[in-house]
Structure formats: C-alpha cells, structure tokens
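Enquirer: Have a look at this one.
The values are calculated or read from the model by the stated rules, or taken from the named source; none is laboratory data. As the structure is a prediction and not an experimental result, all values here were calculated from the model. No Cβ is skipped: glycine too gets one built from the backbone with ideal geometry, and neighbour counts run over all protein chains shown. Keep in mind that these areas ignore ligands, DNA and RNA; they rest on the heavy atoms of the full protein, side chains included. Shrake-Rupley method; radii C 1.70, N 1.55, O 1.52, S 1.80 Å.
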Amino acid sequence: MRDKPKVITCGCRFNRYESAEIKERIGADIDKPVVVINSCAVTAKSEAKSRHAVRRAIRENPDASIVVSGCWAELDPRAVGEIEGVDLVLGNEEKFSTGSFLSKKNSAKTYTGGVNSADGFLETAVGFMESRTAAYLKIQNGCDETCSFCVVRLARGKSRSASPEFVKERTEKLIKDGAKEIVLTGINVGQYGNDLSGDIDLANVLNLVAENKKARFRLSSINPNEVTKELLEVMAENKNICRYLHIPLQAGSDRVLKMMRRPYSASDYRKKIELASYHLPNLALGCDIIAGFPGESDEEFNNSLQMFEELPFTYAHVFAYSAREQADSSKMGGQVSSAVKKERAKLLKLMATAKNLKFRESLIGSDVVVLVEAGEDDSGVLRGKSDSFITVEFRGGREMKGSLANVRLKEVTATGMLGELK
Ligand code: SF4
C-alpha cells in the first residue's frame, strides 16, 4: 500500500478545500509516489509562487509523479507542461480524477478544459479543513459574471451548485464531528441555486443549515447584486449566523465599474449596504477594492476613497491592479504606473486600518461569542474569533478550546481585542 499522495496548495481557501477533495479521490492503486501541486493564477505574483512550488516539488521528489492542477494549469497548460519534470497537467475539473489519469498508460500529458462543459457540481465528502473547530464547506463552483479583470471565471467555468440535501448532510456531519463554525464558500457563493430547479437560493439553503443551533455559520464573499432582502432577513432571524458580510466593491466610480463589467453602479452598492445595515445592526462589513484599474483617474480613485470612508466598512482587502494576460482589462488603454498603483493602494490600506480600529473601539464593553481556537501554553490566555471576525484574547482554561465562549470585550490591542470571560 503506497503512501497517501502529497497535495501542495497554492492560493485561496477554496483551492485548499479542493486539495482535500483531490486527496480524498486519488485512491491507493497508484504504482509510484504522487505529488500534486494545486496551482493558482489570480495575480502575476500567485502564478510565480505556483511555478516556484512546482520546481521545488520536482527537486524534492525525484521518484514521484509530478501532477500540476488548478487555475494556472487550466489557464496556461502549455507553459506548465513545458516545465521539465512535470508528468501530468490537469484542469480544474479533471483534477478530481487524478488517480485515473495517472493510471492511464502512454497517455497525453495535458487534460484541461473540462470546466467549460461541467454541468454539475462535484459533491465530495471532505472533512475538516481549517482547524478542529472551524470548517469550510464548498457549496458552489464557477461564476456567471464577466468581470473584465478576472481570470478566475475562465479557470472555473459557469456557476454550479451542490444540492441542498448534500449541503445539509455535510453540515450535519461536520457538526457531529465537532465543528462549531462552518463557512459556506464558493467562487461566487451568491449565485448558489441559480442552476438548480425549484425555489432554491442562498437564503433558503442558509436557513436550512442554520436550523442546527449547535454551530454558527459564516458566509464567504458575496457580490452586492446577490445580497437580497430575503438573505438579510434569514441572517437577522438566526442568531447562529455570523453578523458578517464581505461584499466586494472594487471601485467607487461608475465609469470604472463599467469598464470592470461589475454588475452594479456605485449608488446600487450604497443602497445594498444601507439595506444590510438596516437588517443587521453592528454588522462586520468588509470589501475588496482594486487600486489603479486601467484608465482610473485621480478623481475616480478619490471616488473609491470617499465611498470607502462614507460606508460603514470595518475592514478591506486592498489590491493594486494586476494585469492578467487572459483578462480583457490587460488590453485596455490607460494602464496605471506601478508607483501610482502602489500609492493608491497604500492610502486605501491606511484608511482600512483606521476604520478597523474605530470598529474595534466601538465594541468595547459589548458581549461577543468567541470560537476558542488556541491556547496551548500554560499562560492561561485563550485566543479565537468573534462572529464579527475579530481576534479576541481572554483568560480561561485550556479545556475551553474548541468551544464557543461568551466574552465581554474590554480593550483594543494592535490588531484585535482583549476580553473577559462572562
Ligand atoms: S464575480 Fe467577477 S471577479 Fe468574482 S469570480 Fe466572478 S467574474 Fe471573477
């Protein structure tokens, strides 16, 4: 019986989840060691990291079959296949059948493109991933939007959803196995259900899983056009759904949003945030913002700054625009210089840090539920995340690890808060 295959993950938590799926599915009847690099290509930097991981795997595993899968393999199989030492290049759909491709004799080296014809969601029973208390559950894959800067949609294919039965069965199993928090994730989780028949959408599948009060649920990133009144009502009615939303903004100017092919205007976005704040007071609200999109003028950048300042964000993921060859925006005129992109990203990050501190200060004296994730040493200090995703430290016994603790917040620290067990 051969050792379990090694799967090396580059990129996002979604890819990490899929690495667990790849491992689960490879099976044991492979005649030599296998190393899979599940690659990423969302930015030029992540592609370089993937290339580095492939070269290292080849160097460190001379006797193994080297398989490269994931977004980089899907988007540029020729470049990946040209790396000496790579035995197999598999796309984002084919990677779940790594075992059968490996056992094919005298076969081709590259199998990609299956995402473009994938019409169903591959349901794989994967266990815990993040820690012994928090788990991620992939409920959706692909995306039907066409954002001009994005290659993820090209690497992932159209949106497809797991059945509500699968989602319910998986969450129950994860809770039975000890999960206290489950993050429902996808490439564009807001599009959950669009491809399923019947009245199935994210609001009702979230309501379905939240019936089990033994754990709390968190949504991963969701686009503004998918933040519906029904979804906000389900979040407001179920106390075990985290008061947390991450809603990518990307830019504050309508002209730039149009060039990005984002499916909303600046005022649409504002209205959605007002609706969310109405239904969910004290909401932890995050967004993604791109600085320096091609053609973005100083004034248009100030629209992003102003919007970020005016809306009740508590944090932001700020990205300096990264041209991706396969993305339409890389062919647009008015590419912004790296120095200007860097400067704009810096200004946004400074504002995001200030807003996060203000948010944490506003929570002093309030009571929160913390998922206790760490506290190994004898210091008596435990650490974990509140439902608004703030890192909280407080004194308590190690036996509390893995539990949901009621904590009163006392003071802010450099990046989190200190609290007291109630
Ligand atoms: S919503 Fe836009 S940015 Fe997000 S995955 Fe889809 S196409 Fe890409």
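Enquirer: Out of the residues in segment 50-93 that are in contact with a strand residue (DSSP E or B) (Cβ under 9 Å, 6 or more places away or on another chain) and among the basic types (Lys, Arg), which is nearest to residue 154 (Cα to Cα)?
Expert: Here the answer is 78.
Enquirer: Which of (1) in contact (Cβ under 8 Å) with a residue 12 or more places away in the chain; (2) part of a loop (DSSP other than H, G, I, E, B) does residue 418 not meet, given it meets every other one?
Expert: Going through the list (1) in contact (Cβ under 8 Å) with a residue 12 or more places away in the chain; (2) part of a loop (DSSP other than H, G, I, E, B), residue 418 breaks only (2).
Enquirer: Okay, moving on. Can you name every residue in segment 374-390 that is outside any loop (DSSP other than H, G, I, E, B) and within 20 Å of residue 239 (Cα to Cα)?
Expert: Scanning segment 374-390 gives 384, 385, 386.
Enquirer: Looking only at residues in segment 36-51 that are out of contact with any Pro (no Cβ under 7 Å at 6 or more places or on another chain) and among the aliphatic types (A, V, I, L, M), which one is nearest to residue 99 (Cα to Cα)?
Expert: Result: 37.
Enquirer: A further question on this structure: Exactly one of (1) within 18 Å of residue 225 (Cα to Cα); (2) open to solvent by 60 Å² or more (accessible area, probe 1.4 Å); (3) of a type in the set (D, E, K, R) is unmet by residue 343. Its number?
Expert: (1)
Enquirer: Something else now. Being touching an Asp or Glu at 6+ places or on another chain (Cβ under 6 Å) and within 21 Å of residue 158 (Cβ to Cβ) narrows it down to one of 114, 11, so name that one.
Expert: 114
Enquirer: Related question: Looking for whichever is open to solvent by 10 Å² or more (accessible area, probe 1.4 Å) and closer than 30 Å to residue 44 by Cβ here; the options are 187, 175. Which one fits?
Expert: 187
Enquirer: Moving on to the next point. Working carefully through the options 82, 123, 93, find the one that is open to solvent by 50 Å² or more (accessible area, probe 1.4 Å) and at pLDDT 90 or above.
Expert: After ruling out the rest, the residue left standing is 82.
Enquirer: Do you know which of the residues in segment 234-265 that are touching a residue at least 60 places away in the same chain (Cβ under 8 Å) and basic (Lys, Arg) is farthest from residue 352 (Cα to Cα)?
Expert: Among those that are touching a residue at least 60 places away in the same chain (Cβ under 8 Å) and basic (Lys, Arg), it is 261.
Enquirer: For the structure I just gave you, tell me whether residue 220 is open to solvent by less than 60 Å² (accessible area, probe 1.4 Å), within 15 Å of the ligand (Cβ to nearest atom) and hydroxyl-bearing (Ser, Thr, Tyr).
Expert: In short, yes.
Enquirer: Same structure again: Please find, within segment 101-120, the residue that is surrounded by the most Cβ atoms within 10 Å (Cβ to Cβ) out of those that are in a loop (DSSP other than H, G, I, E, B) and under 24 Å from the mean Cα position of the chain (by Cα).
Expert: 112
Enquirer: Output the residue which, of all residues in segment 237-268 that are more than 16 Å from the ligand (Cβ to nearest atom) and of a type in the set (A, V, I, L, M), is farthest from the chain's Cα centre (by Cα).
Expert: Once the filter is applied, the top-ranked residue is 266.
Enquirer: Another question about this same structure. Go through (1) closer than 28 Å to residue 310 by Cβ; (2) crowded, with 17+ Cβ neighbours inside 10 Å for residue 357 and report which single condition fails.
Expert: Result: residue 357 fails condition (2) only.
Enquirer: Let me ask something else. What number of residues in segment 134-172 are open to solvent by 10 Å² or more (accessible area, probe 1.4 Å), away from the ligand (no atom under 16 Å from the Cβ) and either under 29 Å from residue 44 (Cα atoms) or assigned by TED's automatic domain parsing to the domain that holds residue 325 (or both)?
Expert: So the answer is 1.
Enquirer: Out of 386, 329, 362, I need the residue that is crowded, with 19+ Cβ neighbours inside 10 Å, within 20 Å of residue 316 (Cα to Cα) and polar (S, T, N, Q). Which one?
Expert: Sole residue among the options that is crowded, with 19+ Cβ neighbours inside 10 Å, within 20 Å of residue 316 (Cα to Cα) and polar (S, T, N, Q): 386.
Enquirer: Something else now. Restricting attention to segment 190-199, which residues are surrounded by fewer than 22 Cβ atoms within 10 Å (Cβ to Cβ) and within 15 Å of the ligand (Cβ to nearest atom)?
Expert: 194, 195
Enquirer: Can you tell me which residue among 402, 380 is on the phi > 0 side of the Ramachandran plot and free of Cβ contacts under 8 Å to residues at least 60 places away in the same chain?
Expert: The unique qualifying residue is 380.
Enquirer: Checking the conditions here, which among 392, 407 is over 23 Å from the mean Cα position of the chain (by Cα) and either more than 30 Å from residue 156 (Cβ to Cβ) or in contact (Cβ under 8 Å) with a residue 40 or more places away in the chain (or both)?
Expert: 407
Enquirer: Could I ask something else about it? For the list (1) closer than 15 Å to residue 36 by Cβ; (2) touching a residue at least 12 places away in the same chain (Cβ under 8 Å); (3) not charged (D, E, K, R), I need the number of the one condition that residue 100 fails.
Expert: Every listed condition holds for residue 100 apart from (2).
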